Amino acid sequence: MTEAVATAQKREYWRWREYDWRDESLDWKRAGGISVGIDVGSVSSQAVVMCDGKLFAYSSLRTGSNSKTSAQRALEVALQETGMPREKVNYLVATGYGRVNIPFAQKAITEIACHARGANFIYGPTVKTVLDMGGQDCKAIRCDGRGKVTNFLMNDKCAAGTGRGMEVMAELLQIPIEDVGPASLSLPEEPPPVSSTCVVFAKSEALGLLRQNWSKEKVLGSFCLAMAHRTVELLSRVGVEKDFAITGGISKNIGIVKRIETKLGVEALKPSIDPQIAGALGAALFAKALYEKELSGNAKTGS
Amino acid sequence: MLANYGYKDGSGEYFIAIDTDKCNGCGACVKACPADVFEITADPFDPLAEKQVAVIKEDHRKKIKYSCALCKPTGERPPLPCTAACEPQAIAHSW
Ligand code: SF4
Ligand code: SF4
């Protein structure tokens, strides 16, 4: 009986852990302004709650089939245990792939602007180049010391080797997604990169390599190397000025990060705050600025 | 800000870069472009600026090479309507 249950609940290797965090020492009731940013990506959704520009709570969950409910859930999870009702939020900005389908957001802002702004908060004003590696695309962003975008580029063409690609690989090779990065580095020497980073082609290529008796680790290494290669190509067009930082889910995959660093000859900054929330964090910072603007506008018109 | 729209693929790099510091939102490119790839909106990458600038429409970003094919015959190439129309020279093509 137990065995039957175990087979029914087949292990899902791609499935990463959802999480949430809050600063219990912060008393939101004393905050003058509460701003929220929600990033609904193709793979994951984050909500960030800030009190007077200080990080108060966040969540990171899987995106469901509906942007609106994914956003709602992310905010609910971020606010749980804080005792803060949703009505207390003064301004809410949505970003990410699903941003236009979130009716309770006052404004929708592109991920590029939000990631630059969020990276500036996480890493400080020395960050000049941000690489956002998301679920379904990858963006190379240059910004100034205030987190304002100065130059950017997005791989608009295909959903090549990104978060989704990693999930496919983890499932195919039956390696839990958190272990993909370390496993890909556990090789005596670098394998040649797979020729394709397109999710569909890379999958069949990986199967071919396994048939040629390549180890799972070698296949992963080869896949990570190809992804790093493509990303560095993308970066070269905007140029890499130090300091350099990586945001988005893939920033936690050491197998990719290490290989990008090696190719660039530049080390990525180590984050003090979870870099996967950079987009939502930037959105919350814009929400704060927009709320303040609204207040001063009202003050001027006397309404 | 330099906004690069387009992509790179096996055959080359296809980007249109719009320099939003130079662009004044006049809309001349919108009128000049036969493929209707431009639109004038609030700058999506600088949400606090409240400035109107030219952007490449979303649905053209993934196929810009083909959108622009008419203006870019092989062999001798006439000046591009968009860059010719843009007085502050805010538009640059990578191919
Ligand atoms: S090259 Fe032609 S089609 Fe392309 S953007 Fe310029 S005017 Fe439009
Ligand atoms: S013609 Fe040039 S300045 Fe005018 S909107 Fe187009 S890009 Fe901007």
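Rounded to the nearest 500, the 222 nm mean residue ellipticity of chain A from helices alone is -13000 deg cm²/dmol, with -39,500 (n - 2.57) taken per DSSP H run of at least 4 residues. Could you tell me whether the stretch A:128-268 comes out rounded, prolate or oblate from its Cα gyration tensor? Rule is a ≥ b ≥ c as square roots of the eigenvalues, rounded for a/c under 1.5, then prolate if a/b exceeds b/c, otherwise oblate. Note, shape of the stretch A:128-268 comes out prolate. Please give the FRET efficiency for B:Tyr66 paired with A:Arg237, using the beta carbon to beta carbon distance and R0 = 35 Å, rounded to the nearest 0.05. After rounding, the FRET efficiency stands at 0.95. Applied to the stretch A:100-107, the Karplus parametrisation 6.51 cos²θ - 1.76 cosθ + 1.60 on θ = phi - 60° returns per-residue 3J(HN,Hα) values of 7, 9, 10, x, 8, 8, 6, 8 Hz, with x for Gly and Pro.
Could you tell me which of rounded, prolate or oblate describes the stretch A:1-155, using a ≥ b ≥ c as the square roots of the eigenvalues of the alpha-carbon gyration tensor, with rounded for a/c under 1.5 and, failing that, prolate when a/b is larger than b/c and oblate otherwise? Because a/c hits 1.5 or more and a/b fails to exceed b/c, the stretch A:1-155 counts as oblate.
Put B:Glu50, A:Glu233 in order of accessible area, highest first, and with a 1.4 Å probe you get B:Glu50, A:Glu233.
Highest average first, the peptides B:27-34, A:257-264 ordered by how many other beta carbon atoms sit within 10 Å of their residues are A:257-264, B:27-34.
Per residue, the accessible area of the stretch A:83-165 comes to 35 Å² when a 1.4 Å probe rolls over the protein heavy atoms. Per-residue surface analysis assigns A:Thr126 an accessible area of about 70 Å², computed on protein heavy atoms at 1.4 Å probe radius.
Build a GNM of chain A with springs between Cα atoms under 10 Å apart, and of A:Asp274, A:Asp144, A:Asp27 the one that fluctuates most is A:Asp27. The simple spin-label model puts a point 7 Å past each Cα toward its Cβ; for A:Asp27 and B:Glu58 those points are separated by 4.4 nm. Simple point charges give the picture: +1 on the Cβ of Lys and Arg, -1 on the Cβ of Asp and Glu, and for chain A a dipole about the Cα centre of about 600 debye. Only lysines eight or more places from A:Lys88 in sequence, or on another chain, were considered; those with a Cα closer than 21 Å are A:Lys29, A:Lys54, A:Lys68, A:Lys107, A:Lys288, A:Lys293.
Among the residues of A:146-153, the average count of other protein chain beta-carbon atoms within 10 Å of the residue beta-carbon is 5. Look at the dipole of the stretch A:128-268 built from charges on Cβ: of A:Ala170, A:Phe244, A:Asn213, the Cα furthest out on the positive end belongs to A:Phe244.
Taking every residue in B:33-46 and counting other chain Cβ atoms within 10 Å of its Cβ, the average works out to 2. Across peptide B:1-13, the average count of Cβ atoms from other chains found within 10 Å of a residue's Cβ is 5.
The values are calculated or read from the model by the stated rules, or taken from the named source; none is laboratory data. Model, not experiment: these values are computed from the prediction. Heads up, the Cβs are rebuilt from the backbone with ideal geometry, glycines too, and the neighbour counts pull from every protein chain shown. Just the protein is used for accessible areas: all its heavy atoms, side chains included, with ligands, DNA and RNA removed. Shrake-Rupley method; radii C 1.70, N 1.55, O 1.52, S 1.80 Å.
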